[in-house]
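Engineer: The structure under discussion is supplied below as structure tokens; questions concerning it will follow.
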2 protein chains.
Amino acid sequence: MKTIPYEEMFSQFHRVLTATGFDGDDTDTLARVFADNSRDGVPSHGLNRFPGFIRDVQSGRVDLAARAAPVAALGAMEQWDGHRGPGVLNGMASMGRAIELARQYTVGAVALRNTSHWMRAGAYGMLAADAGCIGICWTNTSRLMPPYGGLDKRLGNNPLVMAIPRPDGDHVLLDMAMTQFSGGRMGIHARTGEPFPVPGGYDRDGQLTTDAGAIERALPIGHWKGSGLALCLDLVAALLSGGQTTTQISRQDNEAGVSQVYLAFDLSRLGEAESIAASVQDTLTELASGEALPGEQVTWPGQRSAGKGRAALRDGVPVEWEFWGEVLAL
Amino acid sequence: MKTIPYEEMFSQFHRVLTATGFDGDDTDTLARVFADNSRDGVPSHGLNRFPGFIRDVQSGRVDLAARAAPVAALGAMEQWDGHRGPGVLNGMASMGRAIELARQYTVGAVALRNTSHWMRAGAYGMLAADAGCIGICWTNTSRLMPPYGGLDKRLGNNPLVMAIPRPDGDHVLLDMAMTQFSGGRMGIHARTGEPFPVPGGYDRDGQLTTDAGAIERALPIGHWKGSGLALCLDLVAALLSGGQTTTQISRQDNEAGVSQVYLAFDLSRLGEAESIAASVQDTLTELASGEALPGEQVTWPGQRSAGKGRAALRDGVPVEWEFWGEVLAL
């Protein structure tokens, strides 16, 4: 796969965003988050999604001028309204405010309603971890998967993030949708025909299959467990933010006005930095100390993407030329 | 299966607890939680576990006289130490305090270290939901499952709870361990030979199997996803509480001194009760409106256990006679 220097990707995104009407820090933030997402191995929410984001702004589906703003200050938690502005900017502002609240109250929460797609969920966990905080956040989505025991899509895949800071910046970063495979990965495997390592859903005969192209219904992780977790994440996000549930989102023409929760915990108020880092390292070392299956490697969440990020900064960011050409032409 | 009236089960538990040395409200709370757990269809953490709990208290493994107490008040969050007292009492006190903090700060958090087994995780979510709060809590455990790609147990199954209140008390209640099946259910299926509906782990040849008796390694829900979630829940519980990680717990002779997180969100500060209830009901109605698979029924988390609870109050609590006889003899 061809590669592009990170700085060149950032610059091209910056140029297009400026031409689209963004300015100042917003342009920097958007260009950086989209470039970081590709750098870390999530091009589905980086380069590949960038032209679609620009189209959404140009069409007004995402409101260029709207920004998330507080609606209610309720102690250690605040409700914010995203006004259907850019989801990345809304998300960064919301986790940023949750971190500020955590500095004051140890735990800080922002519940954001009425926002648009935040691209890579992990970006907001990284923001918290870079600030020395544990970050937990999730979003609801439109209907993407059937509940356990059902045929019809009723649940979002509602990605959930947990981030735990490490001093070297290689944070523990869990970023998982409630379907066994993300929509992006489903699409890639359906195109290439490469089988999944484990079943990703049900085929038309109701059998679990590793053939992405044959999947009619996405599989919730752990069957009834991921199904139940998706439902709860949806309800909590909607109730805390006063925003839309997956059911309500899905009554619209397209996925807009989603609900999100951002939690930060300030570790600097909870113990010595060295002792905290030692406890995390002890766990990660023990995790890696067990015997691995043949051909496998035991990793912690975020380890592979951190490695990809380092490689991309050194060797360039891998790009699918089709999408890169689309950006150059914008 | 034979049944016992709920009040009789409560009374017998109360008698044995009093004879063991508990008094006052503690006796009521313990008897009620153990009886409720059996009533709601979780006898593995109710009647069946009660004799073992009494033995743990008599042997001093659980400290009869110790109670959880605050260590640090940090705004909307507090650190508590469980002093290896009874996990049920420590858990009820911790979620109780998280609810109080949520009344003041909208979100309240208690991180509890050094506690003992809390029996049914869902009990603490129910406490929050009965108080009109969203409750989220989890615990770490000793090593019970291998990480994705590994052969050796390195992760706890770290049960996670999310509870969302409903006005009629039939709360949405997710209570899930990170293994596909709980230890209790593994044991039951291994004894009866009844196959699991989905694979529960790997056999000695490394193949996924529905035969509980053949399982050598428990399966994390969603493979790498449940594996990663278990790791993160463990680290967050240990770091927030200043307590032990799964790795540290497993260096002891037995599972003691676990770490837990209790979060409460006071919905009464976040909107009109009727509007909140309507939003939840809308989602549950839509969930049930989809087509079900042949022989299946789509339910929301907690629906089945609520039904079992009602039936048990009406018809008696189902008991395995062996365990009931053991209690009568105590």
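The values are calculated or read from the model by the stated rules, or taken from the named source; none is laboratory data. Computed from a prediction, not measured in an experiment: that's the story for all the values here. Glycine gets a Cβ as well: all are built from the backbone with ideal geometry, and neighbour counts include every protein chain shown.
Engineer: I need the full set of residues from the range B:211-242 which are within 19 Å of the chain's Cα centre (by Cα) and over 30 Å from residue B:192 (Cβ atoms), in order please.
Structural biologist: Result: B:231, B:232, B:233, B:234, B:235, B:236, B:237, B:238, B:241.
Engineer: Same structure, new question: Hey, could you check the range A:106-120 for residues that are within 14 Å of another protein chain (Cβ to nearest Cβ) and crowded, with 24+ Cβ neighbours inside 10 Å and say which is farthest from residue A:51 (Cα to Cα)?
Structural biologist: Residues of the range A:106-120 within 14 Å of another protein chain (Cβ to nearest Cβ): A:106-113.
Going one step further and asking which of them are crowded, with 24+ Cβ neighbours inside 10 Å, we end up with A:106-112.
Numbers: A:106: 39, A:107: 37, A:108: 34, A:109: 32, A:110: 29, A:111: 28, A:112: 25 Å.
If we take residues in the range A:106-120 being within 14 Å of another protein chain (Cβ to nearest Cβ) and crowded, with 24+ Cβ neighbours inside 10 Å, then A:106 is farthest from residue A:51 (Cα to Cα).
Engineer: Restricting to the range A:248-283, name every residue that is at the interface with chain B (Cβ under 10 Å from one of its Cβ atoms), crowded, with 24+ Cβ neighbours inside 10 Å and within 30 Å of residue A:56 (Cβ to Cβ).
Structural biologist: A:261, A:263
Engineer: If you go through the range A:122-162, how many residues are over 21 Å from residue A:100 (Cβ atoms) and either in contact with a Cys (Cβ under 6 Å, 6 or more places away or on another chain) or basic (Lys, Arg) (or both)?
Structural biologist: Qualifying residue count, the range A:122-162: 3.
Engineer: Same structure, new question: So the check is Cβ under 7 Å with 6+ separation or different chains; which pairs have a first residue in the range A:267-282 that's of a type in the set (Gly, Ala, Ser) and a second one that's surrounded by 15 or more Cβ atoms within 10 Å (Cβ to Cβ)?
Structural biologist: Short answer, once both residue conditions are applied: A:268/A:132; A:271/B:242; A:277/A:166; A:279/B:238; A:279/B:239; A:279/B:245.
Engineer: How about the range A:79-119: which of its residues are in a strand (DSSP E or B), of a type in the set (Val, Ile, Thr) and either farther than 13 Å from residue A:264 by Cα or not assigned by TED's automatic domain parsing to the domain that holds residue A:140 (or both)?
Structural biologist: First, the residues of the range A:79-119 that are in a strand (DSSP E or B): A:79-81, A:107-115.
Now restrict to residues that are of a type in the set (Val, Ile, Thr): A:107, A:110, A:115.
Passing the criteria: only A:115.
Engineer: Where residues in the range A:284-305 are part of a helix (DSSP H, G or I), of a type outside the set (Gly, Ala, Ser) and more than 7 Å from chain B (Cβ to nearest Cβ), which of them is surrounded by the fewest Cβ atoms within 10 Å (Cβ to Cβ)?
Structural biologist: Applying the first criterion (part of a helix (DSSP H, G or I)) to the range A:284-305 yields A:284-289, A:303-305.
Going one step further and asking which of them are of a type outside the set (Gly, Ala, Ser), we end up with A:284-287, A:303-304.
Imposing the further condition that a residue be more than 7 Å from chain B (Cβ to nearest Cβ) reduces the set to A:284-285, A:303-304.
Working: A:284: 21, A:285: 10, A:303: 18, A:304: 13.
Residue satisfying both the conditions and the ranking: A:285.
Engineer: Cβ-Cβ distance below 9 Å, separation of 6 or more or different chains: which pairs start in the range B:221-238 with a residue that is facing another protein chain (nearest Cβ under 7 Å) and surrounded by fewer than 24 Cβ atoms within 10 Å (Cβ to Cβ) and end on one that is aromatic (Phe, Trp, Tyr) and in a helix (DSSP H, G or I)?
Structural biologist: From residues that are facing another protein chain (nearest Cβ under 7 Å) and surrounded by fewer than 24 Cβ atoms within 10 Å (Cβ to Cβ), there are no pairs.
Engineer: While we're on this one: Consider residue A:18 against the criteria (1) free of Cβ contacts under 8 Å to residues at least 60 places away in the same chain; (2) closer than 30 Å to residue B:110 by Cβ; (3) among the polar types (S, T, N, Q): it satisfies all of them except one. Which criterion is unmet?
Structural biologist: Exception for residue A:18: condition (2).
Engineer: To continue, here is another question. So, in the range A:121-146, how many residues would count as being in contact (Cβ under 8 Å) with a residue 60 or more places away in the chain, away from chain B (no Cβ under 12 Å) and part of a loop (DSSP other than H, G, I, E, B)?
Structural biologist: 4
Engineer: Further question on the same structure: Would you say residue A:84 is away from every other protein chain (no Cβ under 11 Å) and among the basic types (Lys, Arg)? Give the steps one after another, and end with the answer.
Structural biologist: Numbers: away from every other protein chain (no Cβ under 11 Å): yes; among the basic types (Lys, Arg): yes.
It is true that residue A:84 is away from every other protein chain (no Cβ under 11 Å) and among the basic types (Lys, Arg).
Engineer: Would it be correct to say that residue A:55 is on the phi < 0 side of the Ramachandran plot and outside any helix (DSSP H, G or I)? Walk me through it before giving the result.
Structural biologist: Working: on the phi < 0 side of the Ramachandran plot: yes; outside any helix (DSSP H, G or I): no.
Criteria not met by residue A:55.
Engineer: Taking into account only those residues within the range A:245-283 that are assigned to a helix (DSSP H, G or I) and of a type in the set (Asp, Glu), which is nearest to the chain's Cα centre (by Cα)?
Structural biologist: In the first step, residues of the range A:245-283 are kept if they are assigned to a helix (DSSP H, G or I); the result is A:246-249, A:267-269, A:273-283.
Going one step further and asking which of them are of a type in the set (Asp, Glu), we end up with A:274, A:282.
On the way: A:274: 29, A:282: 27 Å.
Applying the filter and picking the extreme gives A:282.
Quick grid of which residues meet (1) in contact with a Gly (Cβ under 6 Å, 6 or more places away or on another chain); (2) assigned to a helix (DSSP H, G or I); (3) among the aliphatic types (A, V, I, L, M):
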residue: B:7; (1), (2), (3): no, yes, no
residue: B:19; (1), (2), (3): no, yes, yes
residue: B:31; (1), (2), (3): no, yes, yes
residue: B:34; (1), (2), (3): yes, yes, no
residue: B:37; (1), (2), (3): yes, yes, no
residue: B:41; (1), (2), (3): no, no, no
residue: B:50; (1), (2), (3): no, yes, no
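Engineer: Quick one: count up the residues across the range B:275-322 that are out of contact with any Gly (no Cβ under 9 Å at 6 or more places or on another chain) and aromatic (Phe, Trp, Tyr).
Structural biologist: Result for the range B:275-322: 1.
Engineer: Evaluate the range B:280-296: report whether one residue or more is of a type outside the set (A, V, I, L, M), in the same structural domain as residue B:118 (by TED's automatic domain parsing) and on the phi > 0 side of the Ramachandran plot. Lay out the reasoning, then the answer.
Structural biologist: So in the range B:280-296, the residues of a type outside the set (A, V, I, L, M) come out as B:281-283, B:285-286, B:289-291, B:294-296.
So of that shortlist, the ones also in the same structural domain as residue B:118 (by TED's automatic domain parsing) come out as none.
No, every residue in the range B:280-296 fails to be of a type outside the set (A, V, I, L, M), in the same structural domain as residue B:118 (by TED's automatic domain parsing) and on the phi > 0 side of the Ramachandran plot.
Engineer: Can you find even one residue in the range A:197-218 that is hydrophobic (A, V, I, L, M, F, W, C), assigned to a loop (DSSP other than H, G, I, E, B), under 17 Å from residue B:296 (Cα atoms) and in contact (Cβ under 8 Å) with a residue 12 or more places away in the chain? Talk me through it step by step, then tell me what you get.
Structural biologist: Just the residues of the range A:197-218 that are hydrophobic (A, V, I, L, M, F, W, C), to begin with: A:198, A:208, A:212, A:214-215, A:218.
Pick out the ones that are also assigned to a loop (DSSP other than H, G, I, E, B) and you get A:198, A:215.
Pick out the ones that are also under 17 Å from residue B:296 (Cα atoms) and you get none.
There is no residue in the range A:197-218 that is hydrophobic (A, V, I, L, M, F, W, C), assigned to a loop (DSSP other than H, G, I, E, B), under 17 Å from residue B:296 (Cα atoms) and in contact (Cβ under 8 Å) with a residue 12 or more places away in the chain.
Engineer: Answer with yes or no whether residue A:237 is in a helix (DSSP H, G or I) and within 13 Å of residue B:239 (Cα to Cα).
Structural biologist: Values: in a helix (DSSP H, G or I): yes; within 13 Å of residue B:239 (Cα to Cα): no.
So residue A:237 fails the test.
Engineer: Would you check if there is a residue in the range B:21-41 being free of Cβ contacts under 8 Å to residues at least 12 places away in the same chain, surrounded by fewer than 18 Cβ atoms within 10 Å (Cβ to Cβ) and over 22 Å from the mean Cα position of the chain (by Cα)?
Structural biologist: So the first thing to find is which residues in the range B:21-41 are free of Cβ contacts under 8 Å to residues at least 12 places away in the same chain, and the list is B:23-25.
Applying the additional criterion that residues be surrounded by fewer than 18 Cβ atoms within 10 Å (Cβ to Cβ) yields B:23-25.
Right, trim to over 22 Å from the mean Cα position of the chain (by Cα) and you get B:23-24.
Yes: one or more hits.
Engineer: Report yes if some residue within the range A:205-218 is touching a Gly at 6+ places or on another chain (Cβ under 8 Å) and either closer than 30 Å to residue B:242 by Cβ or among the polar types (S, T, N, Q) (or both); otherwise report no.
Structural biologist: yes
Engineer: Shifting gears a bit: Just to verify a result, which residue in the range B:147-186, among those that are of a type in the set (Gly, Ala, Ser) and touching a residue at least 12 places away in the same chain (Cβ under 8 Å), is nearest to the other protein chains (Cβ to nearest Cβ)? Can you show your working first?
Structural biologist: Let us first name the residues in the range B:147-186 that are of a type in the set (Gly, Ala, Ser), namely B:149-150, B:156, B:163, B:169, B:177, B:182-184.
Retained after the next criterion (residues that are touching a residue at least 12 places away in the same chain (Cβ under 8 Å)): B:149, B:156, B:163, B:169, B:177, B:182-184.
Details: B:149: 4, B:156: 11, B:163: 8, B:169: 17, B:177: 9, B:182: 11, B:183: 15, B:184: 15 Å.
Ranking the qualifying residues of the range B:147-186, first place goes to B:149.
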